[in-house]
Structure formats: C-alpha cells, structure tokens
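Engineer: Input: one structure, supplied below.
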Amino acid sequence: MKLNPHIIQQADHYLSEHDYQTNLYEEKIVKKSSHEPRQQVTYAQGDRVRLNADGRQGLVYKQDKREQTVVVYVDDQFETVAERRVTQLGKAADLYPDGYDMSRLFKNYDDFKFQRDLDRGSMKAQKQLDKQMRQMRDEGKN
C-alpha cells in the first residue's frame, strides 16, 4: 500500500493517544433554493379565479385548506382543482356589495326565480308546482 506518510503518522497517533477531534465544523456554504415558497392565498366564496390549465374563468365555491384544493364553479359545473392550479383575478368583497347573497351565484336563474315566486305566493309558480306534482303522480301509476 502506498499511503502518504502523514496519514500513517496520524493513524498511529489516533491509536496510541485516542485524541480525536470532536468539535463540529460549521457549514460555510448557504444553499439557496431555486424557487421561492408560494404564499398561501385564502379564497372566499365568490372570488373570481382563472384555471391555469385551460384559461377558463370561474367562481370559488369553497376552499379546503387541509387538502389544498378549491371547488370552482365553471360552465355550470363544480370542479375540484388544486390551489396551485388557479390564479385569483378578483376578490368577492370587491366584486359584490356587502350583504349580497352568494348562493345566488351558484344556482340557475330559472330555479332561483321559481323559488322566489313560491316564497312570495305567486299563483303562476303554484300552478307550475301543481303541474309537476300531477306529472309525478301519473308517472307513479304507470
């Protein structure tokens, strides 16, 4: 074995004296990450967002912080998307006045109108409800 004589002397010293260096070296090179950590964005119901995958715009229905997902209402459907796959375009507080009923955003206008007419006692809505009830009863007999 062709070892450096200095290494052989150091090994002999360790075996005879048991004098080992126990102090730790400080790492002088600070590693910098290549990307910055993403800021946590809190979405509220009614926020306007863009889906990064295809560029469609929709409204936030709800956010699940534990799973880091957002349920987005796009093209009359609810889609669950990862938070990092959406970009916020506007906040609900800026888009709608205070006290605005956010549940109206996620319902079909005809359904909303029908329910509103029923609540105020409209005869037209009552007749439509009676007609639906008769149709369901007739289907049950067949």
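Engineer: Does Phe112 fit the bill of being touching a helix residue (DSSP H, G or I) at 6+ places or on another chain (Cβ under 8 Å) and closer than 30 Å to Gln132 by Cα?
Structural biologist: Details: touching a helix residue (DSSP H, G or I) at 6+ places or on another chain (Cβ under 8 Å): yes; closer than 30 Å to Gln132 by Cα: yes.
Criteria met by Phe112.
Engineer: Here are the criteria: (1) in the same structural domain as Gly46 (by TED's automatic domain parsing); (2) in contact (Cβ under 8 Å) with a residue 24 or more places away in the chain; (3) surrounded by 12 or more Cβ atoms within 10 Å (Cβ to Cβ). Tell me which single one Asp76 does not satisfy.
Structural biologist: Looking at each condition in turn, Asp76 falls short on (3).
Engineer: Moving on. What are the pairs, 6+ residues apart or on separate chains, where a residue within the stretch 95-113 that is touching a residue at least 40 places away in the same chain (Cβ under 8 Å) has its Cβ under 6 Å from a residue that is of a type in the set (S, T, N, Q)?
Structural biologist: That search, which allows pairs on different chains as well, returns Met102/Gln45.
The values are calculated or read from the model by the stated rules, or taken from the named source; none is laboratory data. Quick caveat, the model's predicted, so the values are computed rather than measured. Counting neighbours? That spans all protein chains shown, and the Cβs are built from the backbone with ideal geometry, glycine included.
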